[in-house]
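Encoded as structure tokens, the structure appears first; notes follow it.
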Amino acid sequence: MRWLEWTFLAFLISIPLWVTDQYFIHILITTGIFVIAAMSLNLLLGYTGQLSLGHVAFFGIGAYASALLSLGFDVSLGGGLGIAVDPKPVWLAFLAGIVMAGLAGWFIGKLSFKVRGAYFVIVTISFAEVTRMVALNWIDLTEGPMALSSIPPFAIYIPGLFEETFYKKVPNYYIMLAVGTLSYVAIQRTVGSRFGRAMIALRENEPLAQSVGVPVTRFLLLAAVMSAAIAGAAGGLYAHYIRIVDPDIFLFIYTVTMVIMVITGGKGTLAGPVVGGILFGILPELLRDFAIPEVQWMIYGLLMILIVFFLPQGIVPAVTSLFAGRGTRRQRDAQPGVGGGQPTQSHSE
Amino acid sequence: MDQLLQHVANAIILGGTYALLGVGLTLVFGIMKVVNFTHGELYTFGAYMVYLLVVPLGLDFFVAIAFSIIMGIMLGALLEFLLLRPIRGADIDTTMLVMIGAWIILQNAEQFTWSGIAKSIPTPFSADPLVLGTVSVSWNRVFVFLTAIAMIVAVNAVIQRTKLGQAMRATFQDRDTAMLMGVNINLIYMATFAIGSGLAATAGALLGPVFVVTPTMGNLAALKAFAIVIMGGLGNFWGAAIGGFILAFVEEFGAGYISSGYRDAMGFLLIILVLMYRPTGLFSQKERIG
């Protein structure tokens, strides 16, 4: 599978060389941002088996934190206390956004991993709703529904030597690609490690994993922090590329989009979110000409139901098992995680 | 003091419909182990049915409400038959994903059919409110409250006193044993989902005329219903009913005395607090489910 990953990366790098349509590049960037978010969700949903439906909160926190730090802000917390921050360089703001999202992941993980199943799902939804309400109502900080605008784009700045601000699409495309590749490699390394095997063990059978000494809550928390941080990175990319952030980025529908991407592509596989993300990033563009958004969403919903009914493992495992059927079984099993040769059994309640 | 009494009155009136929403959701979870994401859409559906019957068709207001409840029950039965029966026995995450898909389809179908413009429904109630001392409540809201309470009592009677209710309780305790005793599980599940959906549609039909009707009105209603059900403990009938009133009180007083902008966030903060200190809900005796 390794050669496939390299070929695909080379293909992605080459795209701006032969595609001149700027709108198409724009679609690729936004799709890529969603792919990164979906990859981060997959770490929780696919590998630890926790259906987190508040994932958009981490995306939004990353976007807001990064945007606010690069713009600078001045809020009073009442009682004469206040925080004033001067505008920071974009790369620093971006990193801080990742850290903030990771912290939020730690906090919400601490809180919600006390419960499982339906309770967990509802706590995560509630958390995302609370963050949306805060973004909407804390107008001193977030501008509320008026949105944060004129967010500076990414820039390279070496004092006295070189200065370049990336307003154009192609540099932003490469930044997205770099962050995406880094996230992919980070997730790949993680799930291939001892830690990743422990995550999968506790997805398959939590009491058993616990009984053989896997510190379940600690590992879940680590997965949540990493997942949140990557989602925050996607949010930061979004903020500095689109350059406007409003409370609507916390809408539940975006979490649903990420979930659809992961489920369609194949949860618990590395390539799944990439395949699902690209599919659902490109699909709206293909549908745009003959379907209004409502109909588009109805098609999404229908697809989601059909996939759960007829292709519950997702596209990637279905395709891999199709190819692996011809090869030897041993080869397939020799690569746990990569491409996810084995169909994953989701845990039952 | 006057303000305090008014807040109490508002909270009690609001609590009735919240309890109705919560009970419908908790029934479906308790008996079927399904987190019903279409709950809010059934709520919206109920409100639009009343609008359709009253405004373009010119039907009597009360007849329209009764009809829309029946339509909600039928839609619920249909959804159960189409979506949940084929995946009976699947794990909770799978059914959740299917219900999310159904929720997206229903919501966008509503948006598609009715467009985004808010609709208002005329009521036959007099504009003069009911005044008790310093507290005033509109007659429409009094009607909403009384109907909501009547529905909750009626559903409780069905569960406690009828053969169907007995079978539902048996299924709740132990599905497999109930099956062995000759309970028709498919029928019980369909009835449960239909009743749950009917209650959501009732809440929508009652509140539609109080507020305005929009295609996305169900989102917040569904999230609040989740909050209520978590507070009461998933699957706990009276927990959900009481949880509805607790949420209404917290929202009303939070909005009145703390910040009205965060009114809708109160419920979620409440869930987070409940889960921190009593993860199985305020009234649970059993271990948590899931």
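Would you mention how many residues in segment B:221-237 are within 18 Å of B:A201 (Cα to Cα) and touching a Ser or Thr at 6+ places or on another chain (Cβ under 6 Å)?
1
Can you pull out every residue in segment B:185-244 that is hydrophobic (A, V, I, L, M, F, W, C), touching a Gly at 6+ places or on another chain (Cβ under 6 Å) and away from chain A (no Cβ under 14 Å)?
Once the filter is applied, which keeps residues that are hydrophobic (A, V, I, L, M, F, W, C), touching a Gly at 6+ places or on another chain (Cβ under 6 Å) and away from chain A (no Cβ under 14 Å), segment B:185-244 yields B:F193, B:A194, B:L199, B:A200, B:A201, B:A205.
Looking at B:A205, B:A178, can you tell me which residue is modelled with pLDDT of 90 or more and assigned to a helix (DSSP H, G or I)? If you could, list the steps in order and put the result at the bottom.
On the way: B:A178 fails: modelled with pLDDT of 90 or more.
None of the others qualify; the one that does is B:A205.
Among the residues of segment A:149-169, is there at least one that is in contact (Cβ under 8 Å) with a residue 24 or more places away in the chain, surrounded by fewer than 21 Cβ atoms within 10 Å (Cβ to Cβ) and either part of a helix (DSSP H, G or I) or basic (K, R) (or both)?
yes
Does B:R141 qualify as being surrounded by 13 or more Cβ atoms within 10 Å (Cβ to Cβ), free of Cβ contacts under 8 Å to residues at least 24 places away in the same chain, basic (K, R) and not in a loop (DSSP other than H, G, I, E, B)?
Answer is no for this residue.
Mind counting the residues in segment A:266-307 that are of a type in the set (G, A, S) and either touching a Cys at 6+ places or on another chain (Cβ under 7 Å) or more than 14 Å from chain B (Cβ to nearest Cβ) (or both)?
Counting residues in segment A:266-307 that are of a type in the set (G, A, S) and either touching a Cys at 6+ places or on another chain (Cβ under 7 Å) or more than 14 Å from chain B (Cβ to nearest Cβ) (or both) gives 4.
Restricting to segment B:234-263, count the residues that are buried (at least 23 other Cβ atoms within 10 Å of the Cβ) and out of contact with any helix residue (DSSP H, G or I) (no Cβ under 8 Å at 6 or more places or on another chain).
The total comes to 0.
In segment B:208-217, what residues are among the aliphatic types (A, V, I, L, M) and part of a loop (DSSP other than H, G, I, E, B)?
Scanning segment B:208-217 gives B:V210, B:V212.
Please work out if A:V75 is at pLDDT below 85 and either part of a helix (DSSP H, G or I) or within 14 Å of chain B (Cβ to nearest Cβ) (or both). Please lay out each step first, then the result.
Values: at pLDDT below 85: yes; either part of a helix (DSSP H, G or I) or within 14 Å of chain B (Cβ to nearest Cβ) (or both): no.
Spelling it out, it is not the case that A:V75 is at pLDDT below 85 and either part of a helix (DSSP H, G or I) or within 14 Å of chain B (Cβ to nearest Cβ) (or both).
Within segment B:72-81, is there a residue that is within 20 Å of the chain's Cα centre (by Cα) and β-branched (V, I, T)?
yes
Exactly one of (1) closer than 15 Å to B:G243 by Cβ; (2) over 11 Å from the mean Cα position of the chain (by Cα); (3) modelled with pLDDT of 90 or more is unmet by B:G30. Its number?
Single failed check for B:G30: (3).
Can you tell me which condition A:L44 does not meet? The list is (1) touching a strand residue (DSSP E or B) at 6+ places or on another chain (Cβ under 9 Å); (2) touching a residue at least 60 places away in the same chain (Cβ under 8 Å); (3) part of a helix (DSSP H, G or I), and all the others hold.
Unmet condition: (1).
Scan segment B:2-9 and give yes if some residue there is among the charged types (D, E, K, R), touching a residue at least 24 places away in the same chain (Cβ under 8 Å), in a helix (DSSP H, G or I) and in contact with a Ser or Thr (Cβ under 9 Å, 6 or more places away or on another chain), otherwise no.
yes
Pairs under 7 Å by beta carbon, first residue at positive phi in segment A:52-76, partner outside any helix (DSSP H, G or I) and among the charged types (D, E, K, R), six or more apart or different chains?
From segment A:52-76, the pairs are A:G72/A:D86.
The values are calculated or read from the model by the stated rules, or taken from the named source; none is laboratory data. Bear in mind that the values here come from a model prediction, so they are computed numbers and not experimental data. Glycine also receives a Cβ, built like all others from the backbone with ideal geometry; neighbour counts cover every protein chain displayed.
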